[in-house]
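Have a look at the structure below before the remarks.
The values are calculated or read from the model by the stated rules, or taken from the named source; none is laboratory data. The model shown is predicted, which means the values in this text are computed figures rather than measured ones. FYI the Cβ positions are ideal-geometry reconstructions off the backbone, even for glycines, and counts take in every protein chain you see. Side chains are part of the model used for accessible areas, which takes the heavy atoms of the whole protein and leaves out ligands, DNA and RNA. Shrake-Rupley method; radii C 1.70, N 1.55, O 1.52, S 1.80 Å.
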Amino acid sequence: MPGEASIDRVARWLAEARSVVVLTGAGVSAESGLTTFRDPEEGLWSKYDPMDLATIEAFERDPELVTRWYHWRFTKARDVRPNPGHDALALLERTLCARMPDNPPPFTLITQNIDGLHQRAGSRRVVEIHGSIHRWRCTCTGYEKPLSEIRFDRFPVPSEHGGFMRPCVVWFGEMLPQEALEASFEALARCDLFFSIGTSATVYPAAGFIEVARAAGARTVEINKDPTANSPSVDVTLKGRSGAILPDLVHQMDQLARGGDARDT
Ligand code: BV8
């Protein structure tokens, strides 16, 4: 865990902030039991690199393999639970939105994750910039269906229109959803506090969001168990597990907001 002084300093920033943007990556779901993009996969999938599978080329080359991978990732995400890091971010959203007017938006959660765990923890203001494994669409018509309506009795899954069903996720080389990009840049341009949590900051354009926030005058904080490309330039790095740091941080902010001293416990 990082030093109490660092957490207390960031808790004071949170208590003073008018508009907070949080960017999360696969590291936030790690403590729920989901492997990150750069940790080795388990078992059958250990010989594959997610960076190779998460591409339109891989799907066109071997739609069965890629469909099986996403079905395996979906079943993993379905069978795990949000962890205390997800819960703390949902509580932070509720606390800030209850305390402040909606303009500028008090809290925006931008996630690179497709697992839906933030929403299951109760987060509402979630921008899924890399899409969601819980929605699939026809490769011919683009017609979307919730995953609950997909029958995985054949791989790849045929669509009713002569194509296949694919997950509504953004593969490398594909454009991000325009609406999600616009929502992200609008929140970043107005924020005064930006968090990068559980992401290696290597995938663009998400990895560039911190610069947009900094240009808007925001203070920047990184929460990660390891150093990242962002570490040299953020204002504060809280080194450690997000599932441990976030609950403490939100608790300290709440203590301050109630007029107590951060470490009154
Ligand atoms: C695009 C969905 C237009 C699928 C994913 C500049 C601008 C724009 C694009 C590019 C550019 N330069 C290069 C590009 C192309 C490319 C890119 O960024 N490539 C990289 C490799 C250089 N970008 C794109 O293709 C994007 N498209 O911009 O279109 C375009 C296209 C081409 C060229 C120009 C423009 C689309 C990118 C989206 C790809 N889809 N996911 C799926 O999930 O299957 S990305 C994928 O990686 C996941 O979303 C994942 O979240 C994301 C990033 O990884 P992280 O989340 O950071 O996960 P990672 O494992 O890397 O790190 C985990 C971190 O957590 C680590 O630091 C670890 O230490 C930490 N951690 C672990 N446990 C914990 C923890 N921290 C705290 N607590 C813990 N307990």
(message) Just to check I understand the Karplus step: with θ = phi - 60° and J = 6.51 cos²θ - 1.76 cosθ + 1.60, what whole-Hz values come out for segment 134-141, glycine and proline as x?
(response) 8, 10, 10, 9, 6, 6, 8, 9
(request) Sort out for me the Cα centre separation of segment 32-91 from segment 150-222, rounded to whole Å. (result) 15
(message) Sequence gap at least 6, Cα distance under 8 Å: using those rules, report the relative contact order of the chain to the nearest whole percent.
(response) 27
(request) Starting at the first residue of segment 87-97, write each ³J(HN,Hα) from the Karplus equation 6.51 cos²θ - 1.76 cosθ + 1.60 with θ = phi - 60°, in whole Hz, x for Gly and Pro. (result) 4, 5, 5, 5, 5, 4, 4, 4, 5, 5, 6
(message) Tell me which of 260, 28, 161 sits at the most positive position along the dipole axis of the chain, charges placed on C-beta atoms (Lys, Arg +1; Asp, Glu -1).
(response) 260
(request) On the protein heavy atoms, probe 1.4 angstrom, tell me the percent of accessible surface of segment 74-213 carried by carbon and sulfur. (result) 53
(request) May I ask for the percentage of alpha-carbon pairs in the chain that lie more than 33 Å from each other? (result) 22
(message) How much accessible area per residue does segment 88-134 have, counting only protein heavy atoms and a probe of 1.4 Å, in square angstrom?
(response) 35
(message) Along its three principal axes, how long is segment 39-174 when you only count alpha carbons? Whole Å, largest extent first please.
(response) 50, 34, 28
(request) Tabulate in residue order the Karplus-calculated ³J(HN,Hα) for segment 200-217, using 6.51 cos²θ - 1.76 cosθ + 1.60 with θ = phi - 60°, rounded to whole Hz; enter x for Gly and Pro. (result) 6, 6, 10, 10, 9, x, 4, 5, x, 4, 4, 5, 5, 5, 4, 5, 7, x
(message) Test of understanding: express the Cα radius of gyration of segment 134-265 as a ratio to 2.2 N^0.38 Å, with N the residue count.
(response) 1.44
(request) Just tell me which lysines come within less than 27 Å, Cα to Cα, of residue 225; anything on the same chain fewer than 8 places away is out. (result) 47, 76, 239
(message) Please report the antiparallel percentage of the DSSP beta bridges confined to the chain, to the nearest 5.
(response) 30
(request) Could I have the simple spin-label model distance between residue 226 and residue 161, label points 7 Å from Cα toward Cβ, reported in nm to one decimal? (result) 4.1
(message) If I stretch the segment between residue 12 and residue 65 completely, what's the gain in nm (0.36 nm per residue apart, minus their alpha carbon distance), one decimal?
(response) 14.3 nm
(request) Could you list the GluC sites (Glu not before Pro) in segment 125-229 that lie in coil according to DSSP, counting only those with at most 16 other Cβ atoms within 10 Å of their Cβ? (result) 160, 174
(request) About the Cα centre of the chain, how large is the charge dipole given +1 on each Lys and Arg Cβ and -1 on each Asp and Glu Cβ? Please answer in debye to the nearest 20. (result) 380
(request) Determine how many Å³ per residue the convex hull of the Cα atoms of segment 212-265 encloses. (result) 100
(message) As an exercise, identify the trypsin sites (Lys or Arg not before Pro) in segment 76-150 lying in DSSP coil whose Cβ has no more than 13 other Cβ atoms within 10 Å.
(response) 124
(request) Would you calculate, for the chain, the mean residue ellipticity at 222 nm contributed by helices, counting each DSSP H stretch of 4 or more residues as -39,500 (n - 2.57) and dividing by all residues, to the nearest 500? (result) -11000 deg cm²/dmol
(request) Specify the residue with the greatest mean-square fluctuation among 98, 88, 218, computed from a Gaussian network of the chain linking alpha-carbon atoms under 10 Å apart. (result) 98
(message) Rg/Rh for segment 1-86 to two decimals, with Rh computed the Kirkwood way over all alpha-carbon pairs.
(response) 1.13
